[in-house]
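Here the structure is laid out as structure tokens; the discussion comes afterwards.
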Amino acid sequence: MAIVEISGVLINGIVTAVPKNRIDNLNDPNIEKEQGEKILKTTGIRYRRLASDTTTTSDLCYIAAVNLLEQFQAFREDIEILVFVSQTPDYILPATSPILQHKLGLGSNVAAFDMNMGCSGYVYGLSTITSILNNSKNPNAKALLLVGDTVSKLCSTSDSATYPLFGDAGSATLISKSKEGKFVFDLNSDGGGAEAIKVETGGFRAMTENDGIKPSTTKPSLYLDGMDVFSFGISKVPKSIKLFLSNVDQVVDDFDYFIFHQANMFMNEKIRKKLKIESEKVPYSLYDYANTSSTTIPLTITTQLKKDIHKNNKVFCCGFGVGLSWANVILDLNKDFYTLNIEVDE
């Protein structure tokens, strides 16, 4: 457990972007009806938003960022940091973040870099970008966190363990220095479980076959060991949250919401019950958007907290999965917080 407290930073707004293309698991020709009904009952997933072949994660994050920057035009010149968190970047190299910095019209004085993280990526990204922002000498400094994945591109229609579960989304989070804000993070990892969620080929340990010039025709595919992930989730996650809350002198009743990574309704409900959290405090976006990997936390915030967005909310977020890694954060969303979810025509 690595606990980090960062004061003097505040989230101004979160915008998410999802493809307009919506697939219904109960009517998908690649999924048998009985299987679709079983998936809905156990995972809570019915619909998925799938990006087209020509739409990348960075495209979705870009659209979200454009809207967010339009709402905070005066902040644009003070953006000093851009972090792109994804396991589905545009290229092996160059990094996607400088491309986004240029595309968004941000200055060349912006520090831009990528982070290769999945399910816990939003929390890890927040911890990194707020740490840097907190140490900026500019009292008006701002940062832009872009987090997303298009995992559906790694799923074969013949793989019932992955194809019905994953959707695509991107997000943009604007963060500024402020006297009001504070984040408390708890970051963890266990690479001994790395085999549970893995794309075997495409990296430099197991490159796809090609002639070095033409793109490979072998499509990398996602492997998921559902039982290993389930066991990890219901054992490590609640223990981690209990220990974290104890170490920071907080209890479940101190929070308005608990936003969990949206992997599986049955697993998350097990976690909720172990922690004795009221069901009203644990919103879900699984039914409409499926598992969007690193984007599930911001997507749940933009789509499920709208009715309470105009009041101050104390929120506990927990991301867990691929790596294996898990990360918690305590944060405040104030009444001036801006949020929106955008459907993207492709």
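Shown in residue order for the stretch 185-198 are the 3J(HN,Hα) couplings computed by the Karplus curve 6.51 cos²θ - 1.76 cosθ + 1.60 at θ = phi - 60°: 10, 9, 10, 9, 7, 8, x, x, x, 4, 6, 5, 9, 7 Hz (x for Gly and Pro). As a length-normalised measure over Cα pairs under 8 Å and 6 or more apart, the relative contact order of the chain settles at 28 percent. Remark: relative contact order (the stretch 84-202) = 24 percent; criterion is Cα-Cα distance under 8 angstrom and separation of 6 or more residues.
Looking at the stretch 94-232, the pairs of alpha carbons with a distance over 28 Å make up 35% of the total. Here's how it looks for Val199: its modeled amide H is under 5 Å from those of Tyr223, which are all 5 or more places away or on a different chain. Between the amide H of Ile79 and those of Lys142, distances stay under 5 Å, these residues lying 5 or more places away or on another chain, with hydrogens modeled in the peptide plane.
Just from its helices, what would the mean residue ellipticity at 222 nm be for the chain, if runs of 4 or more DSSP H residues each count -39500 (n - 2.57) and the sum is divided by every residue, rounded to the nearest 500 deg cm²/dmol? So the calculated ellipticity at 222 nm is -8500 deg cm²/dmol.
Surface calculation, 1.4 Å probe, protein heavy atoms: Lys274 sits at approximately 100 Å² accessible. With contacts taken as Cα pairs under 8 Å at a separation of at least 6 residues, the stretch 25-162 carries a relative contact order of 29 percent.
Heavy-atom accessible surface of Tyr124, to the nearest 10 Å², is about 40 Å², with a 1.4 Å probe and all protein chains retained.
Rounded to the nearest 5, the antiparallel percentage of DSSP beta bridges internal to the chain is 65%. In the structure shown, the pairs Lys41/Lys270; Lys242/Lys273; Lys20/Lys103; Lys38/Lys281 are assessed against 19 Å; a Cα-Cα span above that value is assigned to Lys20/Lys103; Lys38/Lys281. Atom-type composition of the exposed protein surface of the stretch 157-308 places 51 percent of the accessible area on carbon and sulfur (1.4 angstrom probe). Each residue of the stretch 147-157 was assigned a 3J(HN,Hα) from its phi angle through the Karplus curve 6.51 cos²θ - 1.76 cosθ + 1.60 (θ = phi - 60°); the sequence is 10, x, 7, 10, 5, 4, 5, 9, 10, 7, 4 Hz, with glycine and proline shown as x. For the set Asp59, Asp149, Asp254, solvent exposure ranked by accessible area (probe 1.4 Å, protein chains only) runs largest to smallest as Asp254, Asp59, Asp149. Kirkwood's formula applied to the C-alpha pairs of the chain gives a hydrodynamic radius of 20.3 angstrom. Ordered from highest to lowest accessible area with the whole protein assembly present and a 1.4 Å probe, Arg22, Arg49, Arg205 read as Arg205, Arg22, Arg49.
The values are calculated or read from the model by the stated rules, or taken from the named source; none is laboratory data. What you are looking at is a predicted structure, and each value in this text was computed from that prediction instead of being measured. Ligands, DNA and RNA are stripped out before the accessible areas are found, and what is left, the full protein with its side chains, is counted by its heavy atoms. Shrake-Rupley method; radii C 1.70, N 1.55, O 1.52, S 1.80 Å.
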